[in-house]
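J.: Handing you this structure, nothing more for now.
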Amino acid sequence: MIVDAHHHLWRIAGGYSWLDEASLAPIRRDFGVDDLHDAVAGTGVERTVLVEAARCDAAEVREHLAAADACARIGGVVGWADLTDPALADTLGRHRDEPGGRWLVGIRDQVQGRTDPDFLARAEVHRGLSTVAAAGLAYDLVVRVDQLPAAATAALAVPQLRFVLDHLGKPRIRDGAAGLAQWRAAVTPLAAASNVSAKLSGLVTEADWAHWTVADLRPFVLAALELFGPHRLMFGSDWPVCLLAASYDRVLAALGEVVDDHLNADERAAVYGGTATRVYGLEH
C-alpha cells in the first residue's frame, strides 16, 4: 500500500492569498476530494495525509477534519496552529472534539513565512512544541534551509515529540551542487536527531519547474537516504502544488527512478507507506 504523506485541498474563496502570485496561476482554482481521487487513480496510492495550506485559521482545520471524516482515502490531517498561542492546548482539545477530530494526527505552523531564522529556537516555541507532544500529535516542520539549525535545536529540546521535516527542508535544487552543499550542511544536525523523519516531497518545485530532470533530484534524495535512512523517510506528492512542475503520477514515478534500485523490499515499504503510517499513527 502506498501512502501519500503530504497533499493539500483548498477552496479559493476560503482565503488562500498566497495563490494570488502570478506564477501560481495554474493552481489558482479549487481542489477538492473528487480532484484528489482523480489525481491518484491508477497510482496505487490508497491513503493520504491532508496538510494545511497556509490559510492559517482554525476554520480550515475544521473543514479538513470533516473532509477526512467523509473520505476513506484520507487517513490523517495535519492542521495549522500557532506554536506561540498561550491557549494552544485548549485549541488542540477543541479540534479533537470537532466532527472528524479523531483524524487529527499532526500540527504545522507556517515557520517558513517567519523572518526570524531562529524562531524554532525560542523557549516559548519549545513550550508550544511540548504541548503538541502532550496531545500525542506529530509536528510538521515547513522551514527554509536557513531555519534548519533552529529546527535541530527544537528537536533536541523536545525529544518526546515526533518531528516531520516537510520537503526535505526546501533545498535549492535549481542551484545544483551549490544548493546541495548548503542544504546538506544545514540538515545534517537535524537528521542526527532520532525523533525526526522527513518527507520526500515538494522537490520538483524546488527545481526548475519547466526543465527539471530526475538527475537534478537524485543527489538530494540519495543524501536524504544516507542521512535519515529509509525508515525515517516518507513519500509525499505535495499535490496540487506539484502541478506547477509535474503531474501526480510523474512525481511518484520520479521518486521510484531514484530510490527503487537502492532499497530492498522492506525499505521500499517504509518509504512508500510504513514510515508515514508509524509516525502519524494511521493504523486506525
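J.: Please count how many residues of segment 1-43 are farther than 14 Å from Trp239 by Cα and among the β-branched types (Val, Ile, Thr).
T.: Selection size over segment 1-43: 2.
J.: Mind checking whether some residue in segment 77-100 is in contact (Cβ under 8 Å) with a residue 12 or more places away in the chain, closer than 17 Å to Ala5 by Cα and either part of a loop (DSSP other than H, G, I, E, B) or over 19 Å from the mean Cα position of the chain (by Cα) (or both)?
T.: Looking through segment 77-100, none of the residues is in contact (Cβ under 8 Å) with a residue 12 or more places away in the chain, closer than 17 Å to Ala5 by Cα and either part of a loop (DSSP other than H, G, I, E, B) or over 19 Å from the mean Cα position of the chain (by Cα) (or both).
J.: Same structure, new question: So Val105 ticks every box in (1) in a helix (DSSP H, G or I); (2) within 15 Å of the chain's Cα centre (by Cα) but one. Which box is left unticked?
T.: (1)
J.: Only one of (1) buried (at least 16 other Cβ atoms within 10 Å of the Cβ); (2) under 30 Å from Asp34 (Cβ atoms); (3) aliphatic (A, V, I, L, M) fails for Ala121. Which number is that?
T.: (2)
J.: If you go through segment 24-47, how many residues are assigned to a helix (DSSP H, G or I) and in contact (Cβ under 8 Å) with a residue 24 or more places away in the chain?
T.: Residues that pass the stated criteria total 9.
J.: On to the next question. Is at least one residue of segment 252-265 over 28 Å from Leu24 (Cα atoms), within 18 Å of the chain's Cα centre (by Cα) and of a type in the set (Gly, Ala, Ser)?
T.: Step one: list which residues in segment 252-265 are over 28 Å from Leu24 (Cα atoms), which gives 259-265.
Add one more test, that the residue is within 18 Å of the chain's Cα centre (by Cα), and what stays is none.
No, segment 252-265 has no match at all.
Yes/no matrix, rows are residues, columns are (1) surrounded by 13 or more Cβ atoms within 10 Å (Cβ to Cβ); (2) more than 20 Å from Val142 (Cβ to Cβ); (3) modelled with pLDDT of 95 or more; (4) of a type in the set (S, T, N, Q):
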| position | (1), (2), (3), (4) |
| --- | --- |
| Ala25 | no, yes, yes, no |
| Val40 | yes, yes, yes, no |
| Arg47 | yes, yes, yes, no |
| Leu50 | yes, no, yes, no |
| Arg55 | yes, no, yes, no |
| Glu60 | yes, no, yes, no |
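Listed here are the residues, each with its yes/no results for (1) of a type in the set (A, V, I, L, M, F, W, C); (2) farther than 23 Å from Val164 by Cα.
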residue	(1), (2)
Ala5	yes, no
Gly15	no, yes
Ala22	yes, yes
Ile27	yes, yes
Val33	yes, yes
Glu52	no, no
Glu60	no, no
Ala81	yes, no
Arg96	no, no
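J.: With part of a helix (DSSP H, G or I), modelled with pLDDT of 95 or more and hydrophobic (A, V, I, L, M, F, W, C) as the only criterion, which of Ala254, Ala193, Ala210 stands out?
T.: Ala254 is the lone residue from the list that is part of a helix (DSSP H, G or I), modelled with pLDDT of 95 or more and hydrophobic (A, V, I, L, M, F, W, C).
J.: Another question, if that's okay. Please work out which one of (1) buried (at least 24 other Cβ atoms within 10 Å of the Cβ); (2) under 14 Å from Ala5 (Cα atoms) is the condition His64 fails and give its number.
T.: For His64, the failing item is (2).
J.: Let me ask something else. Within segment 228-246, can one find any residue that is among the charged types (D, E, K, R), part of a helix (DSSP H, G or I), closer than 21 Å to Val49 by Cα and touching a helix residue (DSSP H, G or I) at 6+ places or on another chain (Cβ under 7 Å)?
T.: Yes, that holds for at least one residue.
J.: So, in segment 124-161, how many residues would count as being within 23 Å of Ser201 (Cβ to Cβ), surrounded by fewer than 20 Cβ atoms within 10 Å (Cβ to Cβ) and among the acidic types (Asp, Glu)?
T.: Here the count works out to 1.
J.: Given the options Val49, Val78, name the one that is under 14 Å from Gln110 (Cβ atoms) and among the aliphatic types (A, V, I, L, M). Can you show your working first?
T.: Details: Val49 fails: under 14 Å from Gln110 (Cβ atoms).
One residue alone meets the criteria, Val78.
J.: Still on this structure: Quick check on my filter: what residues within segment 7-23 are under 17 Å from Arg62 (Cα atoms) and in a loop (DSSP other than H, G, I, E, B)?
T.: Result: His8, Leu9, Arg11, Gly15, Tyr16.
J.: Picking from Val164, Val187, which residue would you name as being in a strand (DSSP E or B) and within 20 Å of His231 (Cβ to Cβ)?
T.: Val164
J.: On to the next question. Of all residues in segment 115-135, which are free of Cβ contacts under 8 Å to residues at least 12 places away in the same chain and either assigned to a helix (DSSP H, G or I) or small (Gly, Ala, Ser) (or both)?
T.: Ala123, Arg127
The values are calculated or read from the model by the stated rules, or taken from the named source; none is laboratory data. Not measured: the values here are computed from a predicted model. Don't worry about glycine lacking a Cβ; one is built from the backbone with ideal geometry, like all the others, and counts go over all protein chains shown.
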